[in-house]
Each structure stands twice: as structure tokens, then as C-alpha cells.
1. Quick one: which residue in Asn593, Asn655, Asn628 is at pLDDT below 75 and out of contact with any Phe, Trp or Tyr (no Cβ under 8 Å at 6 or more places or on another chain)?
2. Kindly establish whether Asp437 is crowded, with 24+ Cβ neighbours inside 10 Å, closer than 25 Å to Gly228 by Cβ and either aromatic (Phe, Trp, Tyr) or in contact with a Cys (Cβ under 8 Å, 6 or more places away or on another chain) (or both).
3. Need pairs with beta-carbon distance below 7 Å; first residue aromatic (Phe, Trp, Tyr) and within the range 198-211, second assigned to a helix (DSSP H, G or I) and open to solvent by 10 Å² or more (accessible area, probe 1.4 Å); sequence gap 6+ or separate chains.
4. All but one of (1) outside any loop (DSSP other than H, G, I, E, B); (2) more than 22 Å from the chain's Cα centre (by Cα); (3) more than 24 Å from Phe571 (Cα to Cα); (4) aliphatic (A, V, I, L, M) hold for Ala375, so report the exception by its number.
5. Residues that are among the charged types (D, E, K, R) and more than 33 Å from the chain's Cα centre (by Cα): find the helices (runs of 4 or more DSSP H) completely inside the range 64-171 holding 3 or more of those.
6. Which condition breaks for Met1220 when tested against (1) more than 33 Å from the chain's Cα centre (by Cα); (2) aliphatic (A, V, I, L, M); (3) at negative phi?
7. Can you list residue pairs whose Cβ atoms sit under 6 Å apart, with the first residue in the range 330-358 being of a type in the set (S, T, N, Q) and the second being open to solvent by 20 Å² or more (accessible area, probe 1.4 Å) and not in a loop (DSSP other than H, G, I, E, B)? Count only pairs 6 or more apart in sequence or on different chains.
8. Do the conditions hold for Ile975, that is, is it open to solvent by 30 Å² or more (accessible area, probe 1.4 Å), of a type in the set (A, V, I, L, M, F, W, C) and under 26 Å from Asp1047 (Cα atoms)?
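The values are calculated or read from the model by the stated rules, or taken from the named source; none is laboratory data. Please read these numbers as outputs of a predicted model, since none were measured by experiment. Here the Cβ is made from the backbone with ideal geometry for all residues, glycine too, and neighbour counts use every protein chain on show. Just so you know, the surface numbers come from the protein's heavy atoms only, side chains and all, with ligands and any DNA or RNA stripped out. Shrake-Rupley method; radii C 1.70, N 1.55, O 1.52, S 1.80 Å.
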Amino acid sequence: MSHKPTEAYNQLKQLLSEKVLCVDGATGTEIQKYKLTEEDFRGELFKEHKIDLDGNNDILSLTRPDILLNIHLSYLSAGSDIIETCTFNSTRISQSHYGTSDYVPQMVKSAVKIARNAIKKFKKENPNCGPKFVAGSIGPTVTNLSINSKGEDSTTRPYYFEQVLESYTEQVRALYEAGVDIFQIETITDPLNCKAALVAIYELEQELKVKFPVFISATIFNNGLLSGQSIEAFVTTIKPYNPLVVGLNCSWGCTEMRKYIKNLSEISPFYSICYPNAGLPDVWGKYTEKPETTANHLKEFAESGFVNIVGGCCGTSPEHIKQIANKMKGITPRVPPKIEYKFEACGLETLKITEESPFVNIGERCNVMGSSIFAKKVRGKKLMEMIAVARRQVENGAQIIDINLDDSMLDSKVEMKKFLLALAMERDVAKVPFMIDSSNFEVIIEALKVIQGKPVVNSIHLSGGEEEFIKHAKIIKKFGAAVVVMTTDEEGQATTRERKFQIAKRSYDLLTDPLIGFQPNDIIFDPCILTIGTGIKEHNQYGVEFIESIKLIKKAMPNVLISGGVSNLSFSFRRETKLRKIMHSIFLYHSINAGMDMGIVNVAHLDIYDQIEKNILKIVEEFVLNSNEGAFDALLKYLEDQKQKLEEEKQNKINSNEKGGEELKKKKQTVDQPLTKETVEKKIEYVLVKGLIKQIESLVLSANELYGDPLLVVEGPLLNGMSKVSDLFGSGKMFLPQVLKSANVMKKGFSILRPLIEESKKQNSMNIENEKEKKKRVLLATVKGDVHDIGKNIVNTILSCNNYEVIDLGIRVPADKIINTLKEQHFDVLGLSGLITPSLNEMINVIKELERNKLDIPVLIGGATTSAIHCAVKMAPHYSGSIVYILDASKCIKAVKNLLNPEVCEEYKSELKRKQQMLRDQYTNSVIAAPLRLKLEQARDNKLKIDWSIASNLPPRPNKLEQLVFENYDIEELIPYIDWKQFFVQWKMKGKYPCRFYPKVFDDKKIGKEAKKLFEDAQEILEKIKQNKEIKCKGTFALYPANSDGDDIIIWKNDENRTEELNRFHFLRQQFVHEKLSVNNKIKIQNNLSLADFVVPKELKDQYKDYIGCFVVSSGFGLESLLKEAENSENDYQKILIKAMADRLVEAFAEKLHLEIRNNYWGYEKFDKNLNITDLFKEKYQGIRPAVGYPSIPDHSEKTIIWELLDVDNTIGVNLTENMGMNPQSSVSGLILANPLSKYFSIGRIEKDQVVDYAKRKNLSLEVIEKTWLNSILAYETEN
């Protein structure tokens, strides 16, 4: 669109062709030098403001304008041609964090006035300084429209386009009214945010009929923008708005930014700008790069032809700008390249069409009108399956995805928005441009608001008249999209080539008129592919008319493109899939030769033109091109002949096999039967792999007759079959539930042969003990203080079924018992297991005892808290033998075989030690040598500071403060709260995306069937648990008055008179340094959290009341009868499944109890009842329930406080072990915090100053704390 450029626009364009200009440096860095206090930021205007304003630099335009004036003057004196207003965060959204949104227009206008006064004053003192410009700084706001950075529901965002546009519109109009020369949209992380700012400027330009100079600058994260968009795609996105300058700022220093600005300068047709940081910040967020260094880098950029404007961002000062400005003198400015493509569109990546480009495939399967399968998924709200459809199209070669959700049973606006928001989070789909396809223009508008790239709108047409056509076209232009135009007008759809051309020409003239301003290469005509073969003679010419219209349109309007929906051609033959593929291939062949550029087509349903059978090619081609009057009849005859031929072949097949029906029946009856022609060995392998327990008896008896010795059957077919199972398991081709079922088949087979083996041994005078000695022996134990044994039981089963004799010492096994057992009996391998973190120290103790007793035996280490690095750093140095970390049960067979195979064991052990030494070296270099951690006092100074005067930051007084005990909680009520996703994760059953987790895992091609079987087995176990009256779920909890005391939380005896302590919890604080970009575009250190931060300090206990809860729940009471039943039947699979379901039930109990506490007993979230189960599992509620022993409370000994408060041993009978494991093992304990700002976090590694402090607070020795309770999180090596 042609508007008159402003005076500043013309001046800048002239200057940019003459020299390299200089913009100013960082404002925030200069403000920090003033060491302002909260009072400075408040001034008189905000003296009584309820929210702290410290750090809100933009507010200084109202409270300390003198500081901003001095900063502007310092940069003008340094040589800046352009100074930026202090309005980076002057939007309603960004200021909402400070409660100052209503002051935005006043802030903006004041900031511009300050900058204008600075230039006026500087020019008065320097009359020959040349032109100076004020650029209105427009930041990215504090939200991202394209991604949900919180990682929650992919179909929602914290803010939406309308809100961001409204916020930018207010800022842009205030900047204009105050008199800025330039709109500078900077530090862009999300192209959709940028587009909102550009739309705000565009609407102002349309209103005023002027063209403003617009500068656009992005910031780089990992080779592109934060949203994932490439630099090239970003340029494609903003190109329709024709900015004057495009470039990069912030991100990094010059060294890291060089390749990106070089790339941008080569692909951007606009003037370029680069204002990087002063190098990279140190761990304290300070920039240390010297001015001369920055200036030399930017000089090289300018001399290399990368830039037209330079300056500085974070950490740069007037001295930086002075040296940069001096270095630019005499350098010839970059000349923007003229870059033209036939067509451009983009998602996260750019699609470029040139004259040499092949035909562009537009994926058609995300269209409810064209795909019944997709329509069904949309109506069923199956979002992940909808995404999968889009993904498959990209994988199959679609370069654009057509999306149409027009359905009378749907709210298409809502569904389109949700689908596109979800797709934006799927990089492998979002990389391609989207074609928004709808007959409802409101749906198209909704879609344009959520697409970050440059999409294509499909479509507009003249059927509603020119006024509507122009209105729709202007909106599309405003959003920077390309457009598909149908050849339909007020008289209807064009069917002849002449009418198609006439409508296209009329539409083209309207679109390219300055009133709208479309570039020709953003116009795609669809001359309407109509259906042929309908039985109406005139319709047979429709294909030809389309092809011929292409030639007419391209000749008169050479820069436009042609597209069409190819499947329309063959709608008359819907059931003739083979014919339709041939028709489409022939039609496309001729259309592309005529000039067709792209088409909506299912790529998988196309044949290669040259490979179509000649006789059918002739018949169909004559029909498509209507070149023979009898072509339609010839085609129908061909189809009839083909049908008759198929019927004859079918009948011949039936006649040639009179027993076909019987064989089919027999086949159905032998489902899951081994192939009858296979050997008995193969049949045994088959039933072992398939887990067919009913068939093993007859097979092992047959094998015994064949071998004549039952022991040979065990050592041959049975062990060979289990070896096959182990191989499949290890390679990921079998899954844990299948392996356990195979193990049950193995045990069943062995139990049948056992009496025969005993009899055989008696007859041959064999000693059974001698036979046992032939087996390699493995000793397993869950270490002292730990009661968890599910993983160990699985290892036991797998090893036993692979001909190893396994002795399991059980749970809570002390080191001396393990040592004595090894001394008394011969074992080849020792396996140690543990789940809780204190078990790690007990494992180390066992290792040291092995060394002290000179017992050289390979040791397997496994359990949830164990790791390869822990084994290498904390265990291996204490032991001269071999220690092997076992990630999961599938790895144990390979490790044991390697350890006990004399041919490979030495090499295996040597390689093991080499890898562990490498891990120790890495650990020493990365963790101990260079810790990035704060001193404890620094960390406490950087705690989360909550304004307790704000009522919403305080939870209400609980409805009940007394303790409640549940002796037999109804299991039926807990079942809806079972997290089945975690159940399948526990069983190592993850499908491939989008079927990774429950319930989609059932649809996974590889594991879906087995997952369904496992689920059904779990349901049976649940039913048994419900029916068994001995099994009980018990729990207890209480809420207490509480206040924080430093990093402790005090539990008071009395709520009203908070003077006497009942008990206290001791918590740790994060010490690691974590950097983040603040709203003021400067590096700050995030808060170092402790759970105590979320509770009112004791100093304020008389003003504000606060509370905390604790709970213990268990589902492990009475399980013994079920476990005994499984043990008696030698069904390890069922035994493990029972324990797994008990674990799921207790987690469900904790979830349900927390819900009841929030809703009823504490009663601070009444609306919580409306949350669905998925929302509960995603923790979409107020408050947290951190478990003791987990990341925010890593010290398990804090459980004793809960046990004392709730008298757990006596109230519900859950006991603590020496190492603070809970018995029964299916138990959960934790705290309950209700603060709205509370969140889960990890303490991470801590330094010795905190450990010393913690030991004093707990009144324990430093050695006990280091060795027993905090060993796994120490950031230093202990003396012992």
C-alpha cells in the first residue's frame, strides 16, 4: 500500500545510503550505576503504591526523569545518531506485574519528551552535530504467544493475540502522539508477538495514510528465535510489512553473534542493524567486555558488509558507544541485496518457490470435508491423533498443510484455534507453512491470530461482491499472509476458461491496487477443479477448461501462482481408488506443464505418469482431456471388465480349494498355536516368547520323550527359549510384562519336569547338590533400612529363568548378614538394591565391608536413586573388584554373562574400570573444580520475598485443625485417582509419539497390544484387592499453626497464642546460581528457594496467620495373602503386579486426600472439584505436597518429625526403618503447603557452610549429616 513516508523516514533512508549509523547503548546498565533505592523508583507519585517498584526502569520517566535525561545526553555526546526511549516495558501487560498498567500512556509520553529534550539540549550545545532521532523502544512483553512456556496444556496461552495487540496499540499510539521518529520493535523472541506490534503500527499507518520508519530486531536462542523459528523464516514473516531496518540485538556478544548477523545480511532485503551485548555475562550477571573489544568486532561487521546501524545492548556504556561511533567513520555502508522469489511462505522454516522449483504438494488430510478419518478424530476431540495426521503428511512430503475444520457439529473457531496452538508446539509439523482453509471468514481471522509464520489463506472470492472481497483482503494483508483466490463471483462458479480468466483478472486488479497493496507473488489463483464423469456431457470438459485457464492467467499475470484441489476431479469414482490415483496423476501431469505451481493432493495416492500401464493410460487420458467423444463410455466398459475379471479370479480361487472353508475354520481354532510343522524346540521357544502357559506341559513332555533325559530338556529347549526371550527384552523387542509371563511359562515347564529330574537322579545315583554346583549363583539383597524390592524381584525372575541359581536375602538386609552369607556359601555375583537415598550410603558401607573382608565378587548396583556416576565416584574407589550399574532389569543378563564368561570377563572388567575413571574425571572437572554456587548467606539474601500484606498471598484458616485418622479408606473411591500413565512408565512401557503414554499407548503399533494385556491384568488385580477384606488403606493427617524461622518451619502448640513450639521442620536452601532474563532486559539471579519461604515468618506471626499440614498414607496392609497366593503358584509376574498396583493405590490415596484437604478440611480451593483427573495429575491447583526424601526435602530423617506429630506408629501402624524407609513399603508421607506462590523445586547440590549450619539446627554431628542424610547432594568431598 502506498502511503507518504514521514520526514524522518526520508532522512534515515538517505543517511543509511551514506554512512553506518550508531544507536545508543544499554539503559539498564547505566541506571544501575545510580544505585537507586525503592524510594527513588516510587517518587512522590507512587509513595503509597502497594507493590515494590524497584527494577521497573520505565517508571523512572515519571519519578526520576533527570536520570534518563543524563543517560540520553551521555549517549548523544558519545556519538549516537539514534537514542531509544525508556519504554521497553511500557505496555499494559508488562506493567501489570507492578500494578502500574494505567500509567502506561503517561509513562510513554514522558519518556519520549525526555528523549526529545535531550536532543534539543544537545543540538543547542552542538549545532553542527547532524540529524538525531528518537526511537520508541517496543519490547517483547513478558509473554510468548506462539508457545506455552509453562509446559502446560498446549492449546492454551497465558495471553492471546487480542490482548497483546491491545497492549501494543496503546503503546504505539502514545509513542506517536509524543513525537517519536522511529518505532523500534526489539529483543523479539516470538514472531507472533512481533506481528502484533506490527499490526498495531500498520493500523495507525492506515488511519493516518503515512509510512513510518520501523526497525525490527530479534534475539537469538540456539540458532533461531525462542519460538523455534529460523532467522530466514523470521525475515519471511515480517517482509509483508516492509520495515526499513531488520537486525539482531541482545542474545550474546559479537563473537557469538557474527554468523547470525552475516546470515541475516545475506537474506534480508532491508537495511540491517546489530547491537549486541558487551560479551557474555559472568556468573553474577555482569558484562566485562572492554569498549575497544566490542568496537573492533563491530568495525569488522561493518567492513564485511553485514550492517548499516550498530550500537550496544546489555552491558554497553557511553564509552562503548564512543569507541563504536569512532570506528564507523569512513566505512562504506552495506547495500541491501535485491532478493526475489516466485513465492515465499513459512512456519518455523521458509518455503521458497523459484522458477526451477518442482510442484508443491499441499497436504490434504487435515480437512474434515475431505477426510472422514480426520473428521472423526476432530469430532472425538482426539487432539494427539489429529496432530499425528498432520505429522504424517509432512513426513510423506507435504510442503504446506491445508487445515479445514468446517463442520456443522463443531464450533470451528474454537477448534481451529486449539488445533493451531497445539501444532505450534510440534516443531516437526510447525516447520511447514499452514494453509488456513474455511468458508467462514471468522474462522480464518481466528487462525491468523495464532500463526507465527507467514501462512496462506484459502480462500476469498467475489461471490459476496467487491465490498466484502476488499474487506477480507485487507484483513489478510494486515496479518501478512498470502491468499488463495477462487474463480467465483456474484454469478457463481466459473466453468469455462474465459470466465475463470475474467474473474481472476478482476480479483487481481483489486488486490494489487494501492487500496489493498498485495504483491502479485502473494496471490494464488484456484481456477476451480470441477468433477468430471458425472454423467452430464458438459462436465467432461471441466478438466480441460481448468488446464487452459492456467495458460491464460499466467500470460496476463505472470507473477501469480496457480493451485487447486485435485481430488475434486474424481469425486464421481469415490470407490475406485486405483482409478482415482491414475486420474490424478494424468491430470497433474498436464496441469503442471501448463503452469500449475501447487495443489492440494494426497501424495501417497499418486502414480508416476510414465509408469502407468499403457492401455489404461490411453483410456483415462482421453477421458480426462475429453479428447475422444466415446472416452467416458470406454472408461466405464474398462471398469466393468475389471470387476468381472476380479469376480472370476475370486471364484476360481474358491473352486481350486474345496477345503478352503475348513482350513479357515481350523486356522481360527489354532490362534496362538505354534506352527505344527516346526520342531519341538521351536514350539517351546514360541510358547515361551508368547507366554502361552497352557501349551507348555504337552511340549516339555514331548521333548522329554525325544531327549530321553528331563535335565537335557531344561538345559536345551527351555533355557534356549529363555535366552531368546532375554535377547528380545534386551533389544527392546519384548516388554517387561511379556518377560514375566514368559518366566511363568518357564517355571511351569520346569515344575512339570522336576519330578522326572529327581527320579532320574535317583536312578543314576546322582547327588542333587552336585548338580546345583553347575549353576552360577547370584546373591541378591535390598540393603539395610530399605523395604523396596519390585525391581529386585524382576531381576530375580529373569536370572532364575536363565539358569542362574538366585538366593534373595530379602529387604532391610544389614551389611554383616550379606558378608557372612558370602563367607559361608559360594556365590559368583552379588546384587544390591535400594530405592531411597540413604540406601546409597548403605551400599557404600557394604562395598567397604567387602573390601575389608577381602571378598572379591562382582557387584551389581540397582535402584531408583542409583546412577552410573554415583557408582563410579562414590563406590568404585572403595573396591578393588568390579561394580556394575544396572539401569533396569533388561540389562542384568548381559552384565552377568559378561562377568562370568572367562573368555570376555577380563576385557569387560577392564573396560568397566576405564569408563568409571572417565566419569570420575568428568565429575572432578565439572562439579568439584568449578562449582557455581552462592555462599549460604548470599543464598538467604536471595530468598523468595513474599508481600504478606497482600491478602491473596495468604491461605485462610483451616476449617479443622484436629488430626484425622482413616482406618479403612474405601478403595473404590481411590481407583479413579490412579495415575495409569505412571503405571506404564513403571513397567517400562512407553510407545512412540503420539502413543507414548496412557491411554494412547494402547494404540502404539509396537507395544499397544501388550500394554492392553497388562492393563487388563492390572484390572484383575485391582478387583482381587477390592474383594480381599484383609487389605486396607490407612492414612492420617493434621493441619497445624506454623511460621517460618529462617530456613526452619515452627509448629505451634496453640493457634491463638503462638509462643510454645510443638516441633519444627528443618529445611535446606538452593545454593546454585541460576540466571534468567528479567523483564527489564538485564541478567538477574533467580531466587534461591527453601520451603520455609512459602510460610509467614515468625516476626509477623501476630499480624498474619499461616499453617502447614503433614500426612502419611499406606495401601500395604493385608497384601500378604495375595502375595502368598502368587508365590505358591510360582507366579512372579502376578506377585510383582500386586506390589505395583499397591504403589499406584497409595499414590492415588495421596492425590485424593490432598484434594479433600484443599476442598474441605482446609477449604481454600472450593472450585478444585471442577478439575478433571488429568488436571490433578498436572498439579493445576493451589499449593504443594512435597514428599520427604524428594528434591525439595532430600533429608529422609525429617520423617521423624511427621511420625512424632501424628504418632504414626500407633495411629495407623506404618513404621520407619533405620534408614527412614517406610514399612509397609506402599506408603507415602509428606507436607502440605497452601501458599499460592508455592511450587515444587529441587535443592540441588549444597556447600559445606550450609551443611554445618544444618547440623547445628538439627543438633546432630557434621559427620552424621554428611555420611547418612545429605551425602548424595554434597557439592564437596568429605574428609572421610
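1. Answer to the check: Asn655.
2. Criteria not met by Asp437.
3. Within 7 Å, the pairs are Tyr202/Tyr241; Tyr202/Lys478.
4. That leaves (3) as the condition not met.
5. 104-125
6. (3)
7. Thr350/Glu232
8. No; evaluated as a whole, the condition is false for this residue.
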